[in-house]
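Engineer: There's a structure below that I have some questions on.
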Amino acid sequence: TKRMAAEAVAALARATQARKEALTREYNDQVAAANAAEQARTTANRAAQQRAQESISLIQGILSALEAGLESVRVESQALTQARRSAGLSYVRAAASSGRAATTFPGLEDAISALAEPSEGLYSTFEEYAIDQAAAAAAIYTLRDRTAAQLSAQEMTLLALQKADTAAAERHTATLDAMRAEHEEQLAELDAQLKYAQQHLDVLNGIDNSV
């Protein structure tokens, strides 16, 4: 009977070890899959943050040019041609009336620069000059307000991406913690079963492990 009991405990020990190894492999596979998914998510989120940041930088540059265009009241004799100024004004007015984001108009900053440093000498009368300046200012105001709104939206997008990244990272950490706790609990349960069987065998063999 003692021999049979010993063989049974030995068999249980082997089965327990095999089960523990299988559970550990399964646990490691789950952790690897979770980490791979988290890495992919992080990469995608960081790429989105990068795009948002680049967009913000672009918008800030245009917005700065628009603000400078509005603040410039110099009437100096610059080496500007009427054709260049007219082209700049047409481009800015087209951008303002389009309803589209200022970032979709390449060269807009150059056009604004042409308007920011006007020359009264390009006009036959001061009235013509004043009318042209008013038209330019109205277009720039429209673009500035739209661009400021776009900047705010992009900044909120970036903030949302950053918050989502932080929250997802915290969830990933919690998931790994839960997986590890479950794995450790499974191993501990197997060890407890083996220990219980070994205690019964020790009692059968007259071994006192109470001390």
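Engineer: Looking only at segment 65-107, which residues are of a type in the set (K, R), at pLDDT 75 or above and assigned to a helix (DSSP H, G or I)?
Structural biologist: Correct list: R93 only.
Engineer: Only one of these is out of contact with any helix residue (DSSP H, G or I) (no Cβ under 9 Å at 6 or more places or on another chain), of a type in the set (A, V, I, L, M) and farther than 24 Å from A37 by Cβ: A174, A149, A136, A101. Name it.
Structural biologist: Matching residue, one of A174, A149, A136, A101: A149.
Engineer: Report, by residue number, each residue of segment 8-30 that is of a type outside the set (G, A, S) and open to solvent by less than 100 Å² (accessible area, probe 1.4 Å).
Structural biologist: Correct list: V9, L12, T16, Q17, K20, E21, L23, T24, E26, Y27, N28, Q30.
Engineer: Looking only at segment 160-211, which residues are more than 30 Å from I62 (Cβ to Cβ), among the hydrophobic types (A, V, I, L, M, F, W, C) and open to solvent by 50 Å² or more (accessible area, probe 1.4 Å)?
Structural biologist: A174, A178, A181, A188, A192, V203, L204, I207, V211
Engineer: Does any residue in segment 124-135 that is closer than 17 Å to L66 by Cα come within less than 7 Å, Cβ to Cβ, of a residue that is part of a helix (DSSP H, G or I) and open to solvent by less than 60 Å² (accessible area, probe 1.4 Å) six or more places away or on a different chain, and which pairs are these?
Structural biologist: Here the result reads D132/L89; A135/L89, each pair linking segment 124-135 to a residue that is part of a helix (DSSP H, G or I) and open to solvent by less than 60 Å² (accessible area, probe 1.4 Å).
Engineer: State the number of residues belonging to segment 138-189 that are within 30 Å of A13 (Cβ to Cβ) and in contact with a Leu (Cβ under 8 Å, 6 or more places away or on another chain).
Structural biologist: 3
Engineer: List pairs: first in segment 137-159 and more than 16 Å from I56 (Cα to Cα) and among the aromatic types (F, W, Y), second modelled with pLDDT under 85 and part of a helix (DSSP H, G or I), Cβ under 8 Å, 6+ apart or cross-chain?
Structural biologist: Short answer, once both residue conditions are applied: Y141/L70.
Engineer: Scan segment 160-211 for residues that are within 30 Å of A5 (Cα to Cα) and touching a residue at least 24 places away in the same chain (Cβ under 8 Å) and report the count.
Structural biologist: Total meeting the criteria: 13.
Engineer: Moving on to the next point. Is it the case that some residue within segment 40-60 is more than 27 Å from A160 (Cα to Cα) and either at pLDDT 90 or above or surrounded by 15 or more Cβ atoms within 10 Å (Cβ to Cβ) (or both)?
Structural biologist: no
The values are calculated or read from the model by the stated rules, or taken from the named source; none is laboratory data. Everything numeric here is computed off the predicted structure, so don't read it as measured data. Ideal geometry is used to build each Cβ from the backbone, glycine not excepted, and the neighbour counts take in all protein chains shown. Side chains included, ligands, DNA and RNA excluded: accessible areas come from the protein's heavy atoms. Shrake-Rupley method; radii C 1.70, N 1.55, O 1.52, S 1.80 Å.
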